[in-house]
Amino acid sequence: METLEAIRLRHSVREYEDRHIMKDIIEKIVDCGRVAPTARGEEPWEFIVITDKKALKEIADITDYGKFLKNSACTIIVCSKDTKYYLEDGCAATENMMIGAASLGIGSCWVAGDKKSYCEKILKCLEVPPGYKLVSIIPIGYPAKRQNPTPKRPLEEVLHWEKF
Ligand SMILES: Cc1cc2nc3c(=O)[nH]c(=O)nc-3n(C[C@H](O)[C@H](O)[C@H](O)COP(=O)(O)O)c2cc1C
């Protein structure tokens with residue numbers, strides 16, 4: 001799928017087909033995160049791919065609004081060294097991977113990491129060393145149903161030329 005189309009058609013997918021995603025496809029998606037913009041060239045991120053069903057359920061149970069991730073084909077955890085711009089960097093990587101997934105016909109949903117009270121619990125569960133922050137949790141999978149993009153505020157409402 002062409003890039004602009006993938007950006008426009010991407011939407012949160014929370015129901016997945018019970019279908020495996022090939023390893024090379026997962027690697028392609030994570031590679032989109034790897035090349036994201038990063039402040040001061042620090043690349044503070046690490047990406048953990050969880051495919052094991054039991055582990056997926058364990059993580060899902062810890063979250064509040066991410067219970068559906070237990071049914072994902074796999075879930076990518078974005079964690080980042082606690083640098084000045086860890087959040088911006090981690091979010092850029094997150095969105096890159098979601099767009100990459102969409103362009104390959106794979107659905108995803110951003111499940112909150114940073115600021116959630118369950119961050120430490122998830123980091124511990126995944127044996128992430130001290131000094132890292134949980135930025136986001138990204139379940140991915142082939143969408144179980146067709147869905148239109150989520151309506152957003154129109155361009156003329158959000159676009160300001162020259163001044164606010
Ligand atoms: C920082 C952030 C945290 C989010 N956390 C959750 C979450 O915990 N659970 C969930 O189902 N969706 C979560 N979402 C997805 C939003 O609900 C979704 O992006 C929004 O409703 C717009 O829909 P769209 O993604 O289809 O455009 C999160 C999105 C962002 C950017």
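A few notes on this one:
- Fluctuation leader among Cys125, Cys32, Cys109 - the chain, Gaussian network, Cα springs under 10 angstrom: Cys125
- Karplus-derived 3J(HN,Hα) values for segment 90-100, using 6.51 cos²θ - 1.76 cosθ + 1.60 with θ = phi - 60°, are x, 6, 4, 5, 4, 5, 4, 5, 5, 5, x Hz; glycine and proline are entered as x.
- What the phi angles of segment 155-164 give under the Karplus curve with 6.51, -1.76 and 1.60, with θ = phi - 60°, is a coupling list of 4, 5, 7, 9, 8, 10, 8, 6, 9, 4 Hz, glycine and proline written as x.
- In this structure, the amide hydrogen of Lys133, modeled 1.01 Å from its nitrogen in the peptide plane, lies closer than 5 angstrom to those of Ser80, Lys81, Asp82, counting only residues at least 5 positions away or on a different chain.
- Percentage relative contact order, the chain, counting C-alpha pairs under 8 Å, at least six apart: 34 percent
- Electrostatic tally near Glu95: other residues with Cβ closer than 12 Å to its Cβ, Lys and Arg +1, Asp and Glu -1, net -1.
- For segment 3-146, average projected area of the Cα convex hull in nm²: 8.1 nm²
- Note that segment 2-53 carries a Kirkwood radius of 13.8 Å, evaluated over its alpha carbons pair by pair.
Any read-out appearing in this document is the output of simple, stated calculations on the displayed coordinates, not a laboratory observation. Keep in mind it's a predicted model, so treat the numbers as computed, not measured. Note that we place each Cβ from the backbone using ideal geometry, even for glycine, and neighbour counts take in every protein chain shown.
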